[in-house]
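Please treat every number below as a calculation from the coordinates, not as lab data. None of these values were measured; they are calculated from a predicted model. Counting neighbours? That spans all protein chains shown, and the Cβs are built from the backbone with ideal geometry, glycine included.
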Amino acid sequence: MIIEYVASGAAHLRLANRALPDQPEVQAIVNEFFADLNNKRPGRKFSLLFNAFVEPDFGKRFLMFKDSLYSIHSDSGGLQIVTRGDEITDTLKDKIYRTQALYSDIAMCFDEIPVKTIRESSDRNDTTGRIFDAENLEELARKTGRNIKRQIEIFQEENSSSRPMIIAQGNCYETYNKWIDCLLKEIPSSQRSYIGGVAMGAAALGTGVLEDIERAVYAVQLAAQIGKSYVHVLGVGSIRRMLPYLALIRSGYYPKDIHLSYDSTTHTLGISNGLYYLKDGIKKFKTNYVDIFHDIDKKYNFSKKGVDVMLFHKLMHANSSYYHDREKDIIDLDKMKEFYYNRVGFATSSMENFMDKIDECLSSDKHIIRISDEIGVVREIHGLLQVKTLDDFLHWKKIYGGTVKSKRIGAEESSTLENFFA
């Protein structure tokens, strides 16, 4: 079993800083932190993610850290293209595929979203303003399959080892299955070994607790459908969102060889918004910086590096001008090392605490029960811990499906990404 934390939002770590490629000593500091996360626990891995549309240069920069990472993931940037008002053309997609091929190990596909809006505008999180587009599901799934087919062709042209990740869409188990069936009809059998695994899209299902649980249950079934045991969870930065997956691993529903990865911006963003994950929850840097310093110091010996709590506080409010005299274009290497040691150490320590919480939940049902009790779903999660088959889950749903919060997309008729954000 592999559990892989994939950190997005690398801009908050300043990994794209133009001075960094010319400073191997500073790169070594970053690599040391990443290697520590990646190698500390058997079966627990650490990776980075970049957006191949918004952050195309990041992929090349990430190669500085490739040896200390488990893998490099890339998003296609489809949602960002639409929100910026740009057009998703074949030329643009091919450009993104080549970036993914050159610089990533796992690459998200361009998926077509089977929903339509029922108002003039609908926020991404507004499930009442959208309807599942059952009528055009097959067409959109096939179009997604053609996107993946072309993605694989580019990867083959570039002799890349990168693997596309299918983003599955649906409004129930049957429609998720239909999505995969229709999508695979567009991908020749000779190319299917290139597929990495399955990530579960939420756009056509919903974003409530019930829908989170359903995706966790369906994901492993869909992965098995394409002969994979790799499931990726999109955009998760809280234990609450991970609870269904952890409960299903504990129950034995997930196979022992499962590879479960999840991406999060929460803990990298914490550097910029002053939030840190301590073992008892998120803490604000402003009022808890002393406790945060001591927590990081226990892991990384900040004190022995000459960093006390006051310097730590100063550095966490600093920017690149701390070490870079822009008028003279002079880098103070010692200060740059201090800056990155503190900045990256803050983030990786927060991530490590989160990973420890994941491991704690995987070690015993009681930890999962305690957290589920805190968020008011103890009966439901306790029931999920008994689920070992899909039939078990269908029985679970009859008992508990009406007692957990649901934010479900209504079923009816569809939409491209452009219509989704119209």
Assigned charges on the beta-carbon of Lys, Arg, Asp, Glu; the stretch 275-356 dipole about Cα centre (debye): 120 debye
Burial ordering of ARG146, ARG84, ARG326, fewest other beta-carbon atoms within 10 Å first: ARG326, ARG84, ARG146
Share antiparallel - DSSP beta bridges, the stretch 216-291, percent rounded to 5: 50 percent
Local net charge near ASN159, Cβ-Cβ under 13 Å (Lys/Arg +1, Asp/Glu -1): -2
Dipole magnitude of the chain, debye to nearest 20 (Cβ charges: Lys/Arg +1, Asp/Glu -1, about Cα centre): 800 debye
Lys/Arg +1, Asp/Glu -1 at C-beta; the stretch 275-356 dipole; positive extreme among LEU278, ASN301, HIS313: LEU278
Residues THR403, THR268 arranged by fewest to most Cβ contacts within 10 Å: THR403, THR268
Gap separating the Cα centres of the stretch 140-165 and the stretch 310-374, nearest whole Å: 35 Å
Net +/- balance of residues flanking ASN273 in space, Cβ distance below 14 Å, scoring K and R +1, D and E -1: +4
Fewest-first sequence of LEU184, LEU92, LEU140 by Cβ atoms within 10 Å of each Cβ: LEU92, LEU184, LEU140
Cα-centre dipole for the stretch 1-110 with unit charges at Cβ (Lys and Arg positive, Asp and Glu negative), debye to 20: 200 debye
14 Å beta-carbon shell around LEU183, net charge (K/R +1, D/E -1): +3
Lysines whose Cα lies under 17 Å from that of LYS279, excluding same-chain neighbours fewer than 8 positions away: LYS298, LYS299, LYS357, LYS366
Virtual spin-label span in nm between ILE282 and LEU333, 7 Å along Cα→Cβ: 4.0 nm
